[in-house]
Structures are given as C-alpha cells and as structure tokens.
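Report on the following structure.
The values are calculated or read from the model by the stated rules, or taken from the named source; none is laboratory data. Being a predicted model, the structure only gives us computed values, none of them experimental. We place every Cβ from the backbone using ideal geometry, glycine too, and count neighbours over all the protein chains shown. Areas reflect the complete protein model, heavy atoms only, side chains present, ligands, DNA and RNA absent. Shrake-Rupley method; radii C 1.70, N 1.55, O 1.52, S 1.80 Å.
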Amino acid sequence: MLWRQLVRGLRALVDRPGTDRDVADEVQDYLEQAAAAHRARGLSPDAALRAARLELGNVTGVRERVRDYGWENLPASLLADLRYAARRLRLAPGFTSVTILTLALGLGATTAIFSAVHPILFASLPYPDAGRITAIVETRSDGGRSSGTFAMYHAFGERARAFETIAVLKPWQPTLMGAEQPERLEGQRVSASYLHVLGVSPSFGRDFQPSDDRLNGPNVVILSDALWRRRFGGDRAILGQQVRLDDNGYVVIGVMPPGFENVLAPSAELWAPLQYDLSEGRAWGHHLRTVGRLRPGVPVAQASLEINALGRGVVQEQHPETYDPNAQFAALSLQDELTRSVRPALLAILGAVLLVLVIACVNVTNLLLARGVQRRGEFALRVALGAGHGRLVRQLLTESLLLALVGGVVGMAVAVVGVRALVALSPPGLPRAGAIHVDAAVFAFALGITTLIGLASGLIPALQAARGDQHEDLQHGTRRTAGGHRRTRSALVIAEVALALVLLVSSGLLLRSLERLFAIPLGFDASRLLTMQVQTASHRLDDDSATRRFYAAALAAVRQVPGVTDAALTSQLPLSSDDDEYGAHFEAGPAQGAETYDVFRYAVSAGYLETMRIPLRRGRLLDERDGVGAPLVVVISESLARERFQNGDPIGQRLRIGPADGPPFTVVGVVGDVKQMSLALDQPEAVYTTASQWRFPDRVMSLVVRGRGDAAALAPAVRQGVWAVDKDQPVVRVATMDHLLAASAAERRFALTLFSAFALAALVLAAAGIYGVLAGSVAERTREIGVRAALGASRRDILALVLRHGMTLTGLGVAFGLAGAVAATQALATMLFSVSRLDPVTYCGVVAVLGGVATLACSVPAWRAAQVDPATTLRAE
C-alpha cells in the first residue's frame, strides 16, 4: 500500500496533466454511477443526473479535494501558493516595497544588535571550560574597587584550595626598536601561570615556566600571531632570537595561535614575565589584576567565601596598620566582571531594538489587515467557488511568509552594514568588540525571527478573512464587514504609538543626561589644546638627570614650533584614563579635617597650570623658581584645601606626598578643581609639584600644547620637534583635548546614538501606522462621508471627524506609553546623569513631538476625506 502511494505520488509530480485527467475521470465515473443509482430508483435520466450533481456538490471543489488526498500535493500546492503569492505581491508594488522595507528595518536592526550583544553577554569566553575562570577583586570599605597586590596573590596561590591556579597581570607598553622606526606596543607583564589560567598555550614554542618569573630572571617574551607576522614576516626562525624592547634584549620563546583572543587586554601583542619578589616594596602596591581557574566541580560562591576569609586573614597577619581593615575579597565569574560596566547599557539597547521589531511587526500586520479589507470580495468569491477556510488561511500565511523571507534577506544586508557601524561607534572599553560579526548563530536567529514574524503578522489577517461571511463580504461595503478590521487596526496603532513613546522618552532622557554631563565645568579650557604622550625607551636615558634633560630639551623644542602659543609637560593628563594617586599627609596645624587624603599627584613643568588655564584661587602658581635645590613647594586643589582647612588659609602649611616619612612640601597656592577620571566622577583632590622637585623623574610624560588655530594640525610639527631632540623616543596617544572629552562620555553617547536611531524609526513607523489606518478608514467610509456631506456636513466638520479619530488613537497610545515609559526607564537609571527618569521636561517634549507628528500623519487622510464629492459617491452606490 505504501509503495503504491509512493509510485502514485511520483507519477503525479512528473505528469501533472495526466494526473488531472485521471482525477477528472474518477469524479465523472462517480457522477455517472450516482446517476445510474438514481435511475434504478425510478428517476428520469435528467432528474437522476441532477440529483447526482446535487449530491456530489461543486465539481471543481470535489476535484480539488481528491487532488489534495495524496502526499505529492503538499509540495505542489506549496509551489502553487508561492507562485500565486508572488504574483499578487508583484501586482501591488507599493504595498510590497513598504512591507519589505519595514520588515528589513526591524529585522536588520535586531540582528545587528544581537550580533553585538551575543558574544559579549551570552556567549562563553573563548577558552576551554571558561566558566571556571574567575576574577579576584578587592572592595574597599567605601565601596570602591582596589587593584590587587603581589603579596596577596602570593598568599592566595599558597593557601587557596578552590583554585587550580592563580595569576596576576599588569599593563606593559614597551617600545620595539630595530631597523624600522620605533614602535610603541601594547603588552602585559604576567605571572608564569597566566596562560594556564586561560587554558591556552603558544601555537609553537613554549609557555612561561616558574624559573622565568623570578626577580632578575631571564628576559623572555611571547608574541601574538599578528605582531609576529607584521614585524617579523611570519618567520618561525624567530624562536630563540632576540628582539629589542625598551633597549633591552628579549628572547622570543613562543608565538600565540592566530585565533587567540585576550579578553583581559584585547590590544596586547606580547607578554613577558612579571618577575616580582616579596622583598620589594611594590609587593603591597595596589596595581595588579588577579585571575584564577577553579578546580573542577568547585562553585564560584564557595571559592569567593574562601578567598574572602584568606584575604582578611592576610591583612590581619601582615598589614593591620596600613591596609583597609574592612576590605572585602571575592571571586567573580570573569565574564560577569568583564561585562559589569556595559551590561545595563547593552540590555537596555537590546530591549529598545526589540521594541522597534515589535513596532515593525505591528505595522506589517496593519498593512496586511488593510490589504485584507481591500481583498475581502476576492476572499468571499474564492470561498463561494469551493475554497475551504483552511485553504484560504494557508494561502494568506504563504504570502506573509514570502514577505517575511524577502524582508529577512534584505534585513541581513542591513544587519551587515549595522554591525560595521556598531563596531565603528562602539566605546573604547567595549569588551570582545573584535568578536562582533554576523555569524551562523546570528543567521539562525534571523531566520527564526523571520519565520515567527511571517506567521505572527499573517495570522491575524488570515483569521479575519477566514471568519468572514462570504455573503456579507461580497457586498464589500457594509459597516459590519469592515468594523472588526478597523477595531483591530486601531488597537495596533495605539500599541505602535505607545511603544514609540517609550523609545522617544528613553532617547530624550539620554540626550538630557549627555547635555548635563557636558555642561559640567572641566576646571580647564579644552579648546585648541593638543595632547600627546612622550616616553623614554633607551638606556642612555636611564640616568635621572639624562631623563630630565631630555624632557626639558623636548619642551623647549616644542615651544619653538610655529603656531604654538603655550606648551607644558605633566605626569598625568585629565580625561585620559591616567590614574596616579598618592597619599597626602598633612602636618598637624590649624585645621579641622583629616590628616591623610588620597590625591591625584601631578608632576608638571613650569607653565602647566597656565597652559591648561586652570584658575588660581589663592597664593601663586608654580614657576621657574621652583627647581632643583629650591625649597619644595606644592599647589593644591580647591576641594582639598576646603576639606582640610574649611575656611582657614592653607598657604604656608606643610604636607608629605607618598611615604609619611618623606620630605615635606609647603603649600604656596590653591587652584580650581579638575575632572581627572571622568566627567561623571567627583574626585577633585589633587596636588601639583614641579617635575624637577619630585624625587624621581617620570619615564612617561604627557605633552600639552595650545595653538592659535586648529590644534590637530600642529601634531606632525610637534612630534618632529620631540624627535629632533631624540628620534628613538616614542611619541604616542596623540589627540586633541576635545577628542578626549568626547571619549570620556563614549558609552553614554553610544547608547544615545542607538536609542535616537531606534526612536526615529519608531516615530516614522508610528506615523505611517496612523496614516495607514486613517487612509483605510477614509476609503472604507467614503459612502458615509458622502452621505454626511449631502446632508449638510461642511468640510471643516469632515476634517474634524477624521482628525478626531486619529488624535483619539494617538491620545490612547500616549496614555499607555507614558505608563510603559515610567516602567521601562528603570533600565536606564545607571546611564543617566543629573536627570531623573521621570524628568517632566523630557516627557512633555516627547508628547509634544509625538502629537505634532501624529497631526501631520492625520492631515493628509483628513484633507482627502474633505474632498469627497457626495454626488459622485451616491451615484456610485
């Protein structure tokens, strides 16, 4: 039996006309047999044939039902449905193009955002058993985070039982020297166990050994695959050879695999051993990052409890007098720790793009409903000719799926462009930015979303058409026929407006927040200011006096560059991620505040405060008198003076910077507060001293140059001025202060850009939805409008009628949207600055904008309704 069905189905697929003839013969044979049976009961031949036909029903419908019996009719009917759907869509190019573009916008934006969010928040880190890798963090009593110490890492490595291995690391920026121009590289100094913690190893060569990671150990280095290919031509003979880093020879012992992703420092291109020892003073310095790999089966929570107990015990045993006694230690999932700062923003952006997708689906559903109203006569005729309701639903769903499929293909193109834009716009600190691309998982996601959208957006119109009464629908003009469609479409428009308002409010809050952020005083003048970092990277500058002479000569050369009005050097630059903090210890005196403060330490050249335009509040600024051999002097920030001395005079008071037994500095001036780490962070306590009076020269200094015109145009000449003194010293991180200012708010700007794009798309879609519903309503109510006009209604009355309908829908959407915005904006709380999520100015502005756009969307259908000629309408009836 199964074999016969298979053969019959294959024959039907190969010879469709012959199969149709067989079905027709079979139906005709049944009709003749039924007629013969009626004749046997005494009916005349004509009466018997008529009775047989009545019994059989619609002959065409019977043939269709018989034809649908076999399995082979499923692909055949699907192909027929697709051909018919394509033909119908081709005959309505306006509807088809708008629908496809709407779907492409929603799908493309969603896929692009998912491509960014998936590798950052949801995908595992690219290491074996990545769930076992943890970050070990230290939290101070004030709630802030402190970097790890080598002494604490050593104690954890000896005593922790929950960990397979633990490692520490810190940034390293060596200068690669050779035949080519010196190149500043990004790298890491790591303990020997670092790659073991990650679960990776070099593609060739060897990993670090414990003997490499000891004080004064061998200079060995592991290269990234990209650096190996770029600077050494991919030559495997590099193993065992020496490369010059900071004028020291380092032996290459390994090269990492091409696909290695270093999530803890994505830009790192080489690694060298840390080579610390507990006897060094820096063993207790907070400047290291600590990571560990858990033993199999050990949960993170258990490891965290053990680490906290061990850390607090070490503090009590070894450093109870200087270490924060209330410090807490914890082990956290490395993925959670990496995404901690960006998770709220990314989840909010994901929620926003899903709202856009929902609005797009609602708009497509509305378009399909409107098209269904126009085709209800066609549907009724098909039902009358024998098509079942199920067949009708299948046909409409096929059209929806075809639209969704084409929209999905166009949407994938939009997604590729969107992903490139996301990578270009992403803030510098976005983790795993290199892993953002459209891959197989994203394609599967887009395909699934496309299928769901096709079914969801086509189901409501299909069910509406299937439930219709063909006798009523054939009239194609009664109020009852179109009423259900109008109510459904109106409800969908209300939903569109509500969702659009949520996005508009979110975008408005972020915009207001960014405006408030940039309105904060910086404490200096950022205009026409060029910055760059100058380093010393050769042994001939190892001597402190040689380093000071180089920086003095470089500064003198830069000041001679045409177009430069002021120039100065500083050990750390505001808004550049530099973080050089020291303890400031005031001597007992006429003060009411505490005696010790954590402050930013600036070692600067004379003229730095004038170049930055940092205002003087009291006393004097640093100048050429404050050099080597002169009394040690310091200028403090206004906030530090206020915290320590309240209303007293700090001039002449003494403090020590760094060690409590260090040489005392005398306060000679007070200057305004400066934003150092971020516009949003309030950390104003700072001290300024001349670089020549600091106890050691900084090996890395930032150059600040103020020019007459475009600051960026001075960069080549200023760089050449430094190299004229010594061409082997690297000059890096060249940027204008305006650029650094913009980069400091990059995360908020990134979120604002995306939310603004989504809000604009939602606003356009909502306006299109309002226009579509009113235009369809005017078309459906043409007879009613004509009758109203014939009975004396003026054009103003008709305009008001249509406008009232549209604004009523908008008002209901606004009401629901306000409630939704109040709830949804909770997700934005961490990204807002000095703006409440219930900011009345934002809400009122958004309602006004949405109302204006809705009025414009209503005006065209309203004007069209006012132009209806009652005589022409009534004659048509």
Exercise. In segment 649-705, what residues are among the hydrophobic types (A, V, I, L, M, F, W, C) and not in a strand (DSSP E or B)?
Worked result: I651, A660, V674, M677, L679, A680, L681, A691, W694, F696
Problem set entry | Criterion: open to solvent by less than 20 Å² (accessible area, probe 1.4 Å), assigned by TED's automatic domain parsing to the domain that holds T565, in contact (Cβ under 8 Å) with a residue 12 or more places away in the chain and in contact with a helix residue (DSSP H, G or I) (Cβ under 6 Å, 6 or more places away or on another chain) - qualifying residue of V670, V687 | V670
For this session: Inspect segment 463-486 for any residue being open to solvent by 60 Å² or more (accessible area, probe 1.4 Å) and modelled with pLDDT of 75 or more and give the result as yes or no.
Result: no
For this session: Report, by residue number, each residue of segment 205-215 that is loosely packed, with under 14 Cβ neighbours inside 10 Å and touching a strand residue (DSSP E or B) at 6+ places or on another chain (Cβ under 6 Å).
Result: R206
Exercise. If you take the residues of segment 634-661 that are over 47 Å from the mean Cα position of the chain (by Cα) and under 23 Å from F696 (Cβ atoms), which of them is modelled with the lowest pLDDT?
Worked result: D661
Exercise. All but one of (1) under 30 Å from A554 (Cα atoms); (2) buried (at least 21 other Cβ atoms within 10 Å of the Cβ) hold for D728; which doesn't?
Worked result: (2)
Problem set entry | Tally of residues being at pLDDT 85 or above, part of a helix (DSSP H, G or I) and open to solvent by less than 10 Å² (accessible area, probe 1.4 Å) across segment 323-351 | 1
Seminar exercise, completed: Residues of segment 40-55 being in a helix (DSSP H, G or I) and surrounded by fewer than 16 Cβ atoms within 10 Å (Cβ to Cβ), in sequence order, are A40, P45, D46, A47, R50, R53, L54, E55
For this session: Could you grab me the full set of residues in segment 175-220 that are within 9 Å of P273 (Cβ to Cβ), without any contact (Cβ under 8 Å) to a residue 60 or more places away in the chain and hydrophobic (A, V, I, L, M, F, W, C)?
Result: V220
Problem set entry | Among residues of segment 731-766, those that are open to solvent by less than 20 Å² (accessible area, probe 1.4 Å) and closer than 26 Å to L176 by Cβ, counted | 2
For this session: Mind counting the residues in segment 700-716 that are buried (at least 16 other Cβ atoms within 10 Å of the Cβ) and under 30 Å from D542 (Cβ atoms)?
Result: 7
Exercise. Which residues, counting only those in segment 540-580, are in a loop (DSSP other than H, G, I, E, B) and open to solvent by 50 Å² or more (accessible area, probe 1.4 Å)?
Worked result: D542, D543, Q560, P562, S577, D579
Exercise. Considering only residues of segment 816-828 that are in contact (Cβ under 8 Å) with a residue 12 or more places away in the chain and either open to solvent by 10 Å² or more (accessible area, probe 1.4 Å) or not in a helix (DSSP H, G or I) (or both), which is farthest from A680 (Cα to Cα)?
Worked result: F816
For this session: State which residue is surrounded by the fewest Cβ atoms within 10 Å (Cβ to Cβ) when the search covers only segment 524-539 and only residues that are out of contact with any strand residue (DSSP E or B) (no Cβ under 7 Å at 6 or more places or on another chain) and within 17 Å of G607 (Cβ to Cβ).
Result: D525
Exercise. Looking at segment 119-138, which of the residues that are small (G, A, S) and either free of Cβ contacts under 8 Å to residues at least 60 places away in the same chain or farther than 16 Å from R432 by Cα (or both) is surrounded by the most Cβ atoms within 10 Å (Cβ to Cβ)?
Worked result: A135
Exercise. Regarding R719, is this residue within 22 Å of the chain's Cα centre (by Cα) and either among the hydroxyl-bearing types (S, T, Y) or open to solvent by 50 Å² or more (accessible area, probe 1.4 Å) (or both)?
Worked result: no
For this session: Could you check Q646 against (1) among the polar types (S, T, N, Q); (2) in contact with a Ser or Thr (Cβ under 9 Å, 6 or more places away or on another chain); (3) over 18 Å from F600 (Cβ atoms) and say which number it fails?
Result: (2)
Seminar exercise, completed: Within segment 139-179, the count of residues that are surrounded by fewer than 20 Cβ atoms within 10 Å (Cβ to Cβ), not small (G, A, S) and not in a strand (DSSP E or B) comes to 7
Problem set entry | Test set (1) open to solvent by less than 70 Å² (accessible area, probe 1.4 Å); (2) free of Cβ contacts under 8 Å to residues at least 60 places away in the same chain; (3) under 30 Å from A735 (Cα atoms) - A606 fails condition number | (2)
Problem set entry | So P218, is it more than 17 Å from L169 (Cα to Cα), at pLDDT 90 or above, in contact with a helix residue (DSSP H, G or I) (Cβ under 6 Å, 6 or more places away or on another chain) and open to solvent by 40 Å² or more (accessible area, probe 1.4 Å) | no
Problem set entry | Total residues in segment 404-421, condition within 21 Å of L452 (Cα to Cα) and open to solvent by less than 30 Å² (accessible area, probe 1.4 Å) | 5
Exercise. Taking segment 424-443 only, how many residues are open to solvent by 60 Å² or more (accessible area, probe 1.4 Å) and within 17 Å of A757 (Cβ to Cβ)?
Worked result: 2
Exercise. Within segment 792-809, is even one residue on the phi > 0 side of the Ramachandran plot, surrounded by fewer than 17 Cβ atoms within 10 Å (Cβ to Cβ) and at pLDDT below 85?
Worked result: yes
For this session: Collect the residues in segment 611-631 that are over 22 Å from T565 (Cβ atoms), part of a strand (DSSP E or B) and open to solvent by less than 100 Å² (accessible area, probe 1.4 Å), keeping them in residue-number order.
Result: G619
For this session: Return the total of residues in segment 186-204 being in contact with a Pro (Cβ under 8 Å, 6 or more places away or on another chain), buried (at least 20 other Cβ atoms within 10 Å of the Cβ) and part of a loop (DSSP other than H, G, I, E, B).
Result: 3
Exercise. If you check L517 against the conditions, is it more than 17 Å from D698 (Cβ to Cβ), out of contact with any Asp or Glu (no Cβ under 9 Å at 6 or more places or on another chain), among the hydrophobic types (A, V, I, L, M, F, W, C) and surrounded by 22 or more Cβ atoms within 10 Å (Cβ to Cβ)?
Worked result: no
Exercise. How many of the residues making up segment 713-742 are among the acidic types (D, E), touching a strand residue (DSSP E or B) at 6+ places or on another chain (Cβ under 8 Å) and over 21 Å from L575 (Cα atoms)?
Worked result: 1
